[in-house]
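Asker: Sharing a structure, written as structure tokens. Questions coming.
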Amino acid sequence: DKATLAVPQLLEALRRAVGPSVPIIGLAPGERVAVRQLLSFSPGSWLPQDLLPQTRLRLEDTMVSRFAVDWCRSLVQTPRSGTRRCYLTRRGGGQRRQLLNEHELEDVVRPLGYDVVAPEGLSFKAQVATFGGVARLCAPVGASLANLMFCPEGTQVLALMNHRWETSLFSQITDRLGQELSFLVGTPSEVPD
């Protein structure tokens with residue numbers, strides 16, 4: 001997907017997988033290309049995207065391949081334990097699924113020893129280094145929680161979620177890695193004008 005080429009962390013991770021000389025191309029919808037050899041990632045991990053309005057996910061609609069988690073962890077040296085506490089902010093992620101009072105939450109977690117981290121501003125290597133030492137993680141549910149695969153065994157995770165978000169995606173990762181996952185469920189509000 002051509003849009004994924006705009007995600008530097010994804011390109012960095014793909015480059016790690018295929019090496020420095022293999023071309024990585026993105027295709028626009030309907031675009032065709034001829035290739036001699038293709039590396040295609042299997043849909044062993046699955047999260048439906050762009051659901052129609054009023055469509056709700058069921059827990060069984062998502063799947064995280066154990067092989068994918070193990071393979072990602074094999075790319076890096078993940079410590080067996082950590083001491084760092086992190087809160088993952090969504091402030092740079094646009095208006096979708098944003099916490100309206102996130103600055104107030106940050107004011108609560110900072111005195112408790114949590115660093116406020118914006119993962120989208122970090123390179124893949126920096127994300128791995130950041131999450132490799134995390135003992136406690138607090139974050140709104142979103143793509144940044146996929147970094148759980150780089151957290152040590154035993155990491156305690158508090159995921160802040162919308163009551164409509166029904167997926168077992170992150171619990172599958174934490175279950176595989178011996179991490180503790182809890183959800184704090186809230187009711188969404190309309191963004192004020």
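The values are calculated or read from the model by the stated rules, or taken from the named source; none is laboratory data. These numbers come from a predicted model, not from an experiment. Glycine also receives a Cβ, built like all others from the backbone with ideal geometry; neighbour counts cover every protein chain displayed. Accessible surface areas use protein heavy atoms only, side chains included; no ligands, DNA or RNA. Shrake-Rupley method; radii C 1.70, N 1.55, O 1.52, S 1.80 Å.
Asker: Read through the list (1) at pLDDT 75 or above; (2) under 15 Å from G142 (Cα atoms), then give the number of the only condition that P29 fails.
Answerer: In the conditions (1) at pLDDT 75 or above; (2) under 15 Å from G142 (Cα atoms), P29 misses (2) alone.
Asker: Given the structure, is P43 at pLDDT 85 or above and more than 16 Å from the chain's Cα centre (by Cα)? Break it down stepwise before answering.
Answerer: Details: at pLDDT 85 or above: no; more than 16 Å from the chain's Cα centre (by Cα): yes.
In short, no.
Asker: In addition: Do the conditions hold for L177, that is, is it open to solvent by less than 80 Å² (accessible area, probe 1.4 Å) and either modelled with pLDDT under 90 or touching a helix residue (DSSP H, G or I) at 6+ places or on another chain (Cβ under 8 Å) (or both)? Steps first, please.
Answerer: Working: open to solvent by less than 80 Å² (accessible area, probe 1.4 Å): yes; either modelled with pLDDT under 90 or touching a helix residue (DSSP H, G or I) at 6+ places or on another chain (Cβ under 8 Å) (or both): yes.
When the stated conditions are applied, L177 passes them.
Asker: Write out, first by first residue and then by second, each pair whose Cβ atoms fall under 7 Å of each other, whose residues are 6+ apart or on separate chains, and whose first residue, in segment 128-142, is farther than 17 Å from L158 by Cβ while the second is assigned to a strand (DSSP E or B) and open to solvent by 20 Å² or more (accessible area, probe 1.4 Å).
Answerer: G133/R84
Asker: Looking only at segment 70-118, count how many residues are at pLDDT below 75, among the basic types (K, R) and under 18 Å from the mean Cα position of the chain (by Cα).
Answerer: The number of residues fulfilling the criteria is 3.
Asker: Now, a different point. Return only the number of the condition from (1) open to solvent by less than 20 Å² (accessible area, probe 1.4 Å); (2) closer than 20 Å to V185 by Cα that F150 does not satisfy.
Answerer: (2)
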